Structure formats: structure tokens, C-alpha cells
1. What about G179, is it modelled with pLDDT of 95 or more and over 26 Å from P149 (Cα atoms)?
2. Of all residues in the range 349-366, how many are without any contact (Cβ under 8 Å) to a residue 60 or more places away in the chain and in contact with a strand residue (DSSP E or B) (Cβ under 9 Å, 6 or more places away or on another chain)?
3. Take A351 and decide whether it is crowded, with 16+ Cβ neighbours inside 10 Å, within 19 Å of the chain's Cα centre (by Cα), among the aliphatic types (A, V, I, L, M) and under 30 Å from N132 (Cα atoms).
4. Looking only at residues that are under 25 Å from G235 (Cα atoms) and polar (S, T, N, Q) in the range 164-199, which one is surrounded by the fewest Cβ atoms within 10 Å (Cβ to Cβ)?
5. What's the number of the only condition in (1) farther than 17 Å from S279 by Cβ; (2) crowded, with 21+ Cβ neighbours inside 10 Å; (3) within 16 Å of the ligand (Cβ to nearest atom) that E208 fails to meet?
6. Can you work out which of the residues in the range 280-296 that are out of contact with any Phe, Trp or Tyr (no Cβ under 7 Å at 6 or more places or on another chain) and in contact (Cβ under 8 Å) with a residue 40 or more places away in the chain is surrounded by the most Cβ atoms within 10 Å (Cβ to Cβ)?
7. How many residues does the range 14-46 contain that are in contact (Cβ under 8 Å) with a residue 12 or more places away in the chain and under 30 Å from A385 (Cα atoms)?
8. Six or more apart or on different chains, Cβ atoms under 8 Å: show the pairs whose first residue is in the range 317-346 and under 18 Å from H147 (Cα atoms) and at pLDDT below 95 and whose second is within 16 Å of the ligand (Cβ to nearest atom) and assigned to a helix (DSSP H, G or I).
Amino acid sequence: MRVAADKLRLSEISPGMVQSEIRAMTVACDRVGGINLAQGVCDTGVPSPVMQRAIDAITEGYNIYTRLDGIAPLRLAISEKLARYNGIDADPDSEILVTSGATAGFYAACIALFNPGDEVILFEPFYGYHLNTLRALRVNAAVVSMHQPQWGIDFDALRNAITSRTRGIVINSPSNPCGKVFTRAELDAIAALANEYDLFVVTDEIYEYFLYDAAEHVSPATLPGMAPRTITISGLSKTFSITGWRVGYLAADRRWLGAIGYFHDLVYVCAPSPFQHASAAGLIQLPTSFYEALSTEYQAKRDMLCAALSEAGMAPSIPAGAYYILADATVIPGSNAREKARTLLRQTGIAAVAGTAFFAEDRGENLLRFCFAKRDEDLERACDALRAR
Ligand code: PLP
């Protein structure tokens, strides 16, 4: 039988989807045995109660599917943490979903809340997964630029970006890639618009413990009128240095949680069972001082890398949170940011990401993003190589 395959084709959006620059630079870096400051892989240690509980949970037989919204002790621990740290009141039985990382939480929330053709506002520079997840769901991202030096928001531009099709606003604070920590005043102004136009707010707070120079983390869900419309997403990847374990969570009003959980189940079924147990142990056992130490430790790493970038002539935009630095790459040869990233890798063995990965249109051509979630000895080697460039 002759089999005709000439009508087969990719979906309409597939040809526009390209491998992320972050993954591409990681591959290029591995090829030359360089130091990878491109990807947010924290290769710092896993806290011992978390590690030990994962091992014990596997040997104790916690290796099968869990309830679709996650194991009860973890949901309870998350609800206590949300109350204690964020000031969010979420019922562990109906308003919390354990997800396969914050990434899955964002995907499941967007598919549950937005229709193809809807518009959702993204602040720029943005995290590429946010943009591409919206694209994959045929949701149109309306980009609102934030401006250096402080990555300030133009609230007239934000209001002008709202149309009759707008259904939501995405906030990522502390931000990847620019390290902006949204102030309470900025969030109040965003909340006022969300209330006025009846919009969802999807907030990715995965870097909530990485705060420098006394920056304050404010969860949008705590602002007036915001609890019913806010989907608060976070996770343990960064805080416990377990990016490969895939445990995150979200909190949302029970009206939305069922549908979000349904879509999460459809793709991921559940977050890995033993790692849910380990995450619960971490949330229950680790003291406040553990989280405070994260900020101190990462602020020292930030300062080390910022100083080396300045000395190398690449003026850094000093982040107030998260663990990335956008630096000016004017001095690096290359006609665009991707070429500059490859030149820097060749010259120094340091992988960074082209700024264009975080901006729409041609913006970001003069920027490179560096990640400082690295062991001190690796970061020191990277700083030496940058200075010697
Ligand atoms: N959200 C942001 C803003 C990130 O930068 C990252 C990782 O780089 C993630 C989410 C991924 O989180 P998870 O590992 O929990 O999926």
C-alpha cells in the first residue's frame, strides 16, 4: 500500500518555536568545557534535611502517584509558609496545588484561565518561558517595557496596553532577568488597574527569598481586591537548589484551582512523590535563618560578579533580587547579542545569554545576562577570566 505523507505538517506555531538561547548556550559551553553562567542551574548544595528525606521517602516506598493536588503534609506546609512569609491566606485542601515546578504551574494556570486570542500583559525584560508558554497557548502577549536604570514602569503605557481583549497581567518579582523587585507602590498601581479592568494577575515569585540591600518582597495577592484574581506561583527549585526535582506550587481562589489542577494532571499527573515529601520536610524543618542566609550568601556572589563585570568594562545593572545580572556588552565584539555571547565564550570560556532572549523586537542587543547561582570557587574563576579578557 502506498502511504501518502505529503499532507503532514507541523502545527502553525511550531516553526516559530526555536530552542531557547539559554539551552543553546549551555550546549555551546559544555562543548568547550567553559563555566556556565547562562543557565539558572544552582549548583550550590541541597539542604541536608531535604536531601535525607528524599532518600528516606524512596526507601520507604513513596514512589507512586500522589493525589493530583499533591500530598497533604506538603499542602499544609505550603499554606503555613504562605501565611507566615507572604501574608496569603490559602486553604490547603482547596486553594493550593503542588505542581511539577513553577513552570508547570504557570502553564496550567494559563491554559485554565486564558483563551486563544486573549491578550495578557508581560513586563519587559521578561522570562522567555512566560512569553513562549503564552504563545504555545495562542494567547497574545502585550509587552510593556520597563526602563533602565531602575527598570521603572510607565503606568500610562501600561494603561494604554489594556484593550477589550486583555484578560491578565503577568508579574515576576524578583525578576529574571533584570533583578527588579517590584515596590509596594508599583504593585498597588498594577493592582488598581487589575481591579478597574477586572483582570487576572499571574505572579511568579520563585525568587522571593533572593533579596538584596533590604529589598522587600510583596505578594500581589495581599493587596486590596487582589486575592480572588491572583494566581500566586512559587516553588522549591531555587530555594532548596533542587531545579531537577520539579516541585513547585500555586495558590489560587478555589473557583480557579479545580480547572488549573485538571490541566496540570493532564500533562504532569503529579509532582514527583518522594520529592514532595522532601520539600515538605524542608518547609517544616528549615528555620528562618536558612532563608536569611540565602540573601546574605547570594548578595556576596552578586557583588563579586558585578565588580568583575565593571572591571571588564561591562557595566552591570545591579539587581535588587533573583540571581541574574544584565550587563552592557558594548565592549564585546559582535554585530548582535548572540554573536557577542559567542565571542565572550570563545575569549573567556564564560557562557552568558544574549539579552535579546528577554526582550521583544530588537531590544536587548547590547546586553548579556549572567547568572551568579554558582559555587564560590566557580564564580571566582569566572570573575578572573572576565577581568583577564
Ligand atoms: N520562573 C522563573 C522566573 C524562572 O527564572 C525559572 C527558572 O529559571 C522558573 C520559573 C523555573 O522554576 P521551576 O524550576 O520551579 O519550574
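The values are calculated or read from the model by the stated rules, or taken from the named source; none is laboratory data. Note that the coordinates shown come from a computational prediction; the quantities given were computed from them, not determined experimentally. All Cβ positions, glycine included, derive from the backbone under ideal geometry; neighbour counts span all protein chains shown.
1. No: the conditions fail for G179.
2. 3
3. For A351, the condition - crowded, with 16+ Cβ neighbours inside 10 Å, within 19 Å of the chain's Cα centre (by Cα), among the aliphatic types (A, V, I, L, M) and under 30 Å from N132 (Cα atoms) - is not met.
4. Looking at the filtered set, the residue picked out is T183.
5. (1)
6. Per the stated criteria, the residue is A280.
7. 23
8. none
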